[in-house]
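These notes concern the structure reproduced below.
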Amino acid sequence: MSKQLPLDDAQDFSDARRGFIATRTPLVITREDGSVVWSDKDYAWQNDKSAPDSVNPSLWRQAQLNNIHGLFRVKEGIYQVRGFDLANMTLIEGSNGWIVVDPLTAVETAEAALKLANDTLGKRPVTAVLYTHSHIDHFAGAAAVVSQADADSGAVPVVAPAHFTREAVSENVIAGAVMTRRASYMYGMTLPRTATGHVDTGLGKQPGQGTTSLIKPNTVVNRTGQTLTIDGVEFVFQYTPESEAPAEFMFFLPQYAAFCGAEVLSRNFHNIYTLRGAKVRDALKWAGYIDEALVRFGSQTEIVFNSHHWPVFGNDAVRDYIKKQRDIYRYTHDQTLRLASQGLTPNEIAASITLPESLRNNFATRGYYGTLKHNAKAVYQHYFGWYDGNPVNLDPLPPEAEANRYVEAMGGIDAVVEKARNAYTSGDFQWAAQLAHHAVFADASHQDARIMLAQAYEQLGYQAESGPWRDVYLSGANELRNGLQGVDMRESAGALLRSVPLDLFFVAMATNVDPESAAGKVVTVNFRFTDTGDDFTLMLENSVLNHRQGLAAEADATLTLTQELLVRLISGQASLKDLVGKDGVSVEGSFIRLGQLLGSLGLPNFDPFPMTTP
């Protein structure tokens, strides 16, 4: 890797440090109880050192760039706080205060970032907030910079792309338990911050591990060319749904000749499919939006700043950067379909696709976050789904049954472990992992098999250029060696649930129906909400919970309560008996029938489930 790339090229380091004003030293951000949310001490060992043998030197270079943190002047009037969270907070000087773009993952990190700007540049009120897209690291710290009351009253514009709230909820609530568990692998949340542990995500150091919030927007961007003047600053928006996020926009600032690429643009090859499990993205649309930005704004733009990484300076560099960002997604799209048309399946495409030298040797299109291998599979999935066309893969055996049969066919578990050890010794780590995986799934208590698989994963992790690939492999090894480890999502899930539109809340609620408990039950219950004024009917039948807005004339029961109390009820923090008669909670009709509906719901699963063992 060191011979393939000009790793000593200093231009990125110069750009990443350009405009530096101030930072906090040490940069340690805590909750009120003293627990650490963010600390640069976790990564101080990466500064001014060559790459350890256990870290890919290309990823090491990206990690050192992402270590550069503080308040930076992008251009007079535009500032960024970088390295205080996974994403950047951008601050634009309005006539009366700060326009905050992307208020980070956690309330604590957003508060610290804004404080640094106010302490250094002079205190200014927040006069507007922009969410560039619907991923949690770009909105969940919002309560540190704006209140829901100010958003509801319109006193502070909170600007977001169309369908922002729906998409934010879809990822973080409806699919939240599985996605959070997988994200713990993708971001190495349970790994030590060492040369044999988590190093960097490629996109930034790590997500902030603090308090989350969701301040609902009051201003919607839903078309390209839409112009808003916000606190005296003109914004020209480009609406880019179904690109890097289902709901996303970029924008141009004419008075600054500056373009915000949100996360459609970044300093790496991003994810067409993200390993935490979000919806597959449309690579063709993604490339098309970038080309549209080049046509609309390329000739006028002197600076590109994004939601991650550091800016691009100068029109020539800007245009070259945007073209290569466009072409990495278009090339992956086109070549995947070309290879698929020749009969190659996803794994075969991933093994054979290569980039042209101009993209391969460009640091801003390297696979520090997404990779060519898994992004090519994503393009295939977008068009053709999970089935590769081979009949043997139409109804495959589940992993344990398959593993037992393979182990038996190969002469027993000890023989399989020995074959894995031989593959490992010869440097064939992927084959060693596949063999040891079968042994572990045949007998998860077999310690030699577990250690063999952990060792193979560790070597694959050390070689990975992608931060998430490294973290996934090493998290798997960590689980094999030390047992289940996870991240507690109860607090963050509760914070989001309290802000979820009720129709989406009931969608999430329906995913907790236990079909055995619900079998044979036919129940209709009205829900009346005293805080929102909403009315809904829930109908349980065929072990399915459907909902409609409005009240049914012949419901079995009517439950009157607030959304906050519904969250407590569904999350198991309170029982119906505890609530009835308190805080305005009442039941009309059959208490028994209401209990049958609620009794059909299991509690949301917040506990970690196995990923590398049965």
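The values are calculated or read from the model by the stated rules, or taken from the named source; none is laboratory data. Remember, predicted model here, so these are calculated numbers, not experimental data. Glycine also receives a Cβ, built like all others from the backbone with ideal geometry; neighbour counts cover every protein chain displayed. Note: areas computed on protein heavy atoms with side chains; ligands, DNA, RNA excluded. Shrake-Rupley method; radii C 1.70, N 1.55, O 1.52, S 1.80 Å.
Structure data summary
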| read-out | value |
| --- | --- |
| Every pair of residues 6+ apart whose Cβ atoms lie under 9 Å, when the first sits in segment 287-307 and is more than 14 Å from residue 321 (Cα to Cα) and modelled with pLDDT of 95 or more while the second is open to solvent by 40 Å² or more (accessible area, probe 1.4 Å) and part of a helix (DSSP H, G or I) | 288/326; 288/330; 289/326; 300/254 |
| Residues located in segment 218-253, provided they are part of a strand (DSSP E or B) and under 26 Å from residue 278 (Cβ atoms) | 219, 220, 221, 237, 238, 239, 248, 249, 250, 251 |
| Contacts under 6 angstrom Cβ, first residue in segment 361-382 being among the basic types (Lys, Arg), partner in a loop (DSSP other than H, G, I, E, B) and open to solvent by 20 Å² or more (accessible area, probe 1.4 Å), 6 or more apart | none |
| Cβ pairs under 6 Å, 6+ apart, first in segment 145-169 and touching a residue at least 12 places away in the same chain (Cβ under 8 Å) and under 19 Å from residue 503 (Cβ atoms), second charged (D, E, K, R) and in a loop (DSSP other than H, G, I, E, B) | 165/216 |
| Scope segment 426-437; condition more than 11 Å from residue 459 (Cα to Cα) and either of a type outside the set (Gly, Ala, Ser) or in a helix (DSSP H, G or I) (or both); matching residues | 431, 434, 435, 436, 437 |
| Among the candidates 372, 355, 394, residue that is under 20 Å from residue 471 (Cα atoms) and either open to solvent by 50 Å² or more (accessible area, probe 1.4 Å) or of a type in the set (A, V, I, L, M, F, W, C) (or both) | 372 |
| Qualifying residue in segment 573-581 (condition: in contact with a Ser or Thr (Cβ under 9 Å, 6 or more places away or on another chain), open to solvent by 30 Å² or more (accessible area, probe 1.4 Å) and either at pLDDT below 95 or under 17 Å from residue 504 (Cβ atoms) (or both)) | yes |
| Boolean, residue 214 is assigned to a loop (DSSP other than H, G, I, E, B) and in contact with a Leu (Cβ under 9 Å, 6 or more places away or on another chain) | yes |
| Residue pairs meeting the criteria (Cβ under 7 Å; at least 6 apart or on separate chains; first under 18 Å from residue 382 (Cα atoms), in segment 230-254; second surrounded by fewer than 24 Cβ atoms within 10 Å (Cβ to Cβ) and of a type in the set (Gly, Ala, Ser)) | 247/162 |
| Scope segment 323-350; condition closer than 18 Å to residue 368 by Cα and of a type outside the set (D, E, K, R); matching residues | 325, 328, 329, 331, 332, 350 |
| Every residue from segment 303-338 that is assigned to a helix (DSSP H, G or I), open to solvent by 20 Å² or more (accessible area, probe 1.4 Å) and not acidic (Asp, Glu) | 315, 317, 319, 323, 324, 326, 330, 331, 335, 337, 338 |
| Subset of segment 276-302 [open to solvent by 20 Å² or more (accessible area, probe 1.4 Å) and part of a loop (DSSP other than H, G, I, E, B)] | 276, 277, 279, 280, 282, 302 |
| Boolean, residue 143 is of a type in the set (Gly, Ala, Ser), open to solvent by 20 Å² or more (accessible area, probe 1.4 Å), under 22 Å from residue 27 (Cβ atoms) and outside any strand (DSSP E or B) | yes |
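One line per residue, one yes/no per condition, for (1) touching a His at 6+ places or on another chain (Cβ under 8 Å); (2) open to solvent by 10 Å² or more (accessible area, probe 1.4 Å); (3) part of a loop (DSSP other than H, G, I, E, B); (4) more than 22 Å from residue 13 (Cβ to Cβ):
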| position | (1), (2), (3), (4) |
| --- | --- |
| 45 | no, yes, no, no |
| 64 | no, yes, no, no |
| 68 | no, yes, yes, no |
| 73 | no, yes, no, no |
| 100 | no, no, no, yes |
| 111 | no, yes, no, yes |
| 116 | no, yes, no, no |
| 124 | no, yes, yes, yes |
| 129 | no, no, no, yes |
